[in-house]
């Protein structure tokens, strides 16, 4: 088997159908298998997917086990030379998989490859991520990409050729099996967010490059699962961010990070609350932001309990 495609879904039935169809209609001669982990969907995903695609390997979880745990389960039974972690809200261009696998086969030092992610209208999404640092987490990322584009690559720049990067956004995440096995898969301490960033860092430490492939195009809905409950999703991001720094940074860095983030959260909460009142809630933007900020503040005041966030 050339490629094992792994998708996780949770109440994203329609998007998952489109993602699978884009894999099956790819313009290539690769042998492929598709593994779907359903993280406790309640929208009828099970019946729809099984009826539409009898050839897929489908596993329904009784509860949400998280992204890292889900892909590890699928990878444990997958047989492909390459593993493609594909978001349920992503759609492959017809030549995407062929181009990506060709690159990986031509460059044995490449352990992970990512694609150019696109909005529905064809405009670019950020597809490259730097390893989290005090700068990336406490400063404005757009400003960093604008002032130091070589150090902080992003969608504002044109990249005509494949380039080595620190990390790629995991909506399309092609991994060489030997790298996956050497690293032991995803770190399950990350429930949702930053597990792919942690994987890329560990791959680099093991001597394998992560490469952004601009010629590989993938349309991406950008966070359909997270959009179902924004406050809970943001709590999961903050939890994963703390876990990443706990794993890869010393106490002094973690202390500065937490103080800086909490200070910024207090300011953001005050601003979003004030703008919600000034606009009388007529625009959904500020009430939604204020709801997220209140949820994050409440979570911190309660000591960042493990039971708060996306459903388990």
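The values are calculated or read from the model by the stated rules, or taken from the named source; none is laboratory data. Nothing here was measured: the structure is a model prediction, and the numbers come from that model. Cβ: placed from backbone, ideal geometry, glycine included. Neighbour counts: every protein chain shown.
Could you tell me whether residue 34 is surrounded by fewer than 24 Cβ atoms within 10 Å (Cβ to Cβ) and part of a strand (DSSP E or B)?
Details: surrounded by fewer than 24 Cβ atoms within 10 Å (Cβ to Cβ): yes; part of a strand (DSSP E or B): yes.
Answer is yes for this residue.
At positive phi and part of a loop (DSSP other than H, G, I, E, B), is that true of residue 185?
Details: at positive phi: yes; part of a loop (DSSP other than H, G, I, E, B): yes.
Judged against the criteria, residue 185 is a match.
Considering each of 50, 54 in turn, give the residue that is free of Cβ contacts under 8 Å to residues at least 24 places away in the same chain, on the phi < 0 side of the Ramachandran plot and in a loop (DSSP other than H, G, I, E, B).
Just one listed residue meets the conditions, 54.
For the stretch 200-249, how many residues meet the condition of being closer than 30 Å to residue 95 by Cα and at pLDDT below 95?
So the count comes out to 7.
Within the stretch 1-20, work out how many residues are closer than 21 Å to residue 311 by Cβ, in contact with a strand residue (DSSP E or B) (Cβ under 6 Å, 6 or more places away or on another chain) and in a loop (DSSP other than H, G, I, E, B).
The number of residues fulfilling the criteria is 1.
Filter the stretch 57-76 for residues that are without any contact (Cβ under 8 Å) to a residue 24 or more places away in the chain and in contact with a strand residue (DSSP E or B) (Cβ under 7 Å, 6 or more places away or on another chain); which is surrounded by the most Cβ atoms within 10 Å (Cβ to Cβ)?
58
Exactly one condition in (1) surrounded by 19 or more Cβ atoms within 10 Å (Cβ to Cβ); (2) farther than 24 Å from residue 80 by Cβ; (3) under 18 Å from the mean Cα position of the chain (by Cα) is not met by residue 145; state its number.
Of the numbered conditions (1) surrounded by 19 or more Cβ atoms within 10 Å (Cβ to Cβ); (2) farther than 24 Å from residue 80 by Cβ; (3) under 18 Å from the mean Cα position of the chain (by Cα), the odd one out for residue 145 is (3).
Please tell me if residue 253 is crowded, with 20+ Cβ neighbours inside 10 Å and touching a helix residue (DSSP H, G or I) at 6+ places or on another chain (Cβ under 9 Å).
no
Please tell me if residue 189 is over 12 Å from the mean Cα position of the chain (by Cα) and more than 24 Å from residue 74 (Cβ to Cβ).
Considered against the rule, which asks whether it is over 12 Å from the mean Cα position of the chain (by Cα) and more than 24 Å from residue 74 (Cβ to Cβ), residue 189 comes out as no.
Quick check on the stretch 218-229. Is at least one of its residues assigned to a helix (DSSP H, G or I) and in contact with a strand residue (DSSP E or B) (Cβ under 9 Å, 6 or more places away or on another chain)?
Yes, the stretch 218-229 has at least one match.
Restrict the check to the stretch 151-163 and report whether at least one residue is touching a residue at least 24 places away in the same chain (Cβ under 8 Å), within 26 Å of residue 262 (Cα to Cα) and under 17 Å from the mean Cα position of the chain (by Cα).
no
Among the candidates 259, 304, single out the residue that is touching a residue at least 60 places away in the same chain (Cβ under 8 Å) and either closer than 30 Å to residue 11 by Cα or surrounded by fewer than 16 Cβ atoms within 10 Å (Cβ to Cβ) (or both).
That would be 304, the only listed residue that is touching a residue at least 60 places away in the same chain (Cβ under 8 Å) and either closer than 30 Å to residue 11 by Cα or surrounded by fewer than 16 Cβ atoms within 10 Å (Cβ to Cβ) (or both).
Search the stretch 269-285 for residues that are part of a loop (DSSP other than H, G, I, E, B) and pair each with any residue that is surrounded by 12 or more Cβ atoms within 10 Å (Cβ to Cβ) when their beta-carbon atoms are under 7 Å apart and the residues are at least 6 apart or on different chains.
Listed by first residue and then by second, the contacts come to 279/286; 281/287.
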